[in-house]
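Below you'll find the structure, written out as structure tokens, and then a few comments.
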Amino acid sequence: MTRERAAEQIPGSGRASVSSLPIVDLIRAVASTDVTVIVSRNTVGIWVAYAAALWAAVFAVFHIIWAAGWYPLLDEGARLAFATPWKWTFDVVVAAMCVIAVPVALAPVMSWGRRAPRRLIYTVACIGTTLLLLRLAGALVQTGYLLAAGRFRFAIVGIWDWWFLVGTILFTLNTWGWSRTRRRARHRPINR
């Protein structure tokens, strides 16, 4: 919502734009109405949340496809490995986790996220981010070992390592941003 639209939605403000209001008058005008107006939004945080949700949705689709028996973007060795029953269960569990991750990633920036059980969603976000960080740490340890052993080749870094790196960055930034927002909201006095 732009600042001009926010001013138009404030009943009784009598002003054409927010920029002509002193900040104190704006806060008083917003506090005196039933309309919730977010004057300044962190647009980077919004796009990080959308990107994290998209990342989780795409990964859920791939795990559903792999659980169904199709193996796009996997080499022949991975196809043989995914043929075992426990790998099917793994695919289904990871697909479910990714489906759950979509609304969890969007909760901090969507209006329905304010009505959701914030502690539960934040805990799930922390667990998911921790799992991605552990996966990244494992990849870094493996890369470090291969470098130390002199067997590292850039060609062995697959597309999924980069995919996990992107997802880890997105979910870490999203969860970290949400924790900062929650901390500020907890310490903000309520003036009613």
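The values are calculated or read from the model by the stated rules, or taken from the named source; none is laboratory data. Since this is a predicted model, take the numbers as computed values, not measurements. Here Cβ is always computed from backbone atoms with ideal geometry, including for glycine, and neighbour counts include all displayed protein chains.
What about residue 109, is it crowded, with 17+ Cβ neighbours inside 10 Å, touching a residue at least 24 places away in the same chain (Cβ under 8 Å) and assigned to a helix (DSSP H, G or I)?
Details: crowded, with 17+ Cβ neighbours inside 10 Å: yes; touching a residue at least 24 places away in the same chain (Cβ under 8 Å): yes; assigned to a helix (DSSP H, G or I): no.
Against the criterion (crowded, with 17+ Cβ neighbours inside 10 Å, touching a residue at least 24 places away in the same chain (Cβ under 8 Å) and assigned to a helix (DSSP H, G or I)), residue 109 does not qualify.
Does residue 70 fit the bill of being more than 15 Å from the chain's Cα centre (by Cα) and assigned by TED's automatic domain parsing to the domain that holds residue 176? Step through it out loud before you land on a result.
Working: more than 15 Å from the chain's Cα centre (by Cα): yes; assigned by TED's automatic domain parsing to the domain that holds residue 176: yes.
Yes, satisfied.
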> Out of 128, 138, which single residue is closer than 12 Å to residue 174 by Cβ and not β-branched (Val, Ile, Thr)?
Replying inline: 128
>> I'd like the full set of residues that are among the hydroxyl-bearing types (Ser, Thr, Tyr) and closer than 17 Å to residue 129 by Cβ, limited to segment 48-80.
In response: 50
> Given the conditions (1) at positive phi; (2) at pLDDT below 90, which single one is not true for residue 156?
Replying inline: (1)
>> If I ask for residues that are small (Gly, Ala, Ser) and either outside any helix (DSSP H, G or I) or touching a Leu at 6+ places or on another chain (Cβ under 7 Å) (or both), which ones from segment 149-168 would you list?
In response: 150, 158, 167
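Test residue 160 against the criterion of being out of contact with any Lys or Arg (no Cβ under 9 Å at 6 or more places or on another chain) and closer than 13 Å to residue 55 by Cβ, and give yes or no. Write out each step before concluding.
Numbers: out of contact with any Lys or Arg (no Cβ under 9 Å at 6 or more places or on another chain): yes; closer than 13 Å to residue 55 by Cβ: yes.
So residue 160 fits the description; yes.
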> residue 73 passes all but one of (1) part of a helix (DSSP H, G or I); (2) surrounded by 12 or more Cβ atoms within 10 Å (Cβ to Cβ); which number fails?
Replying inline: (1)
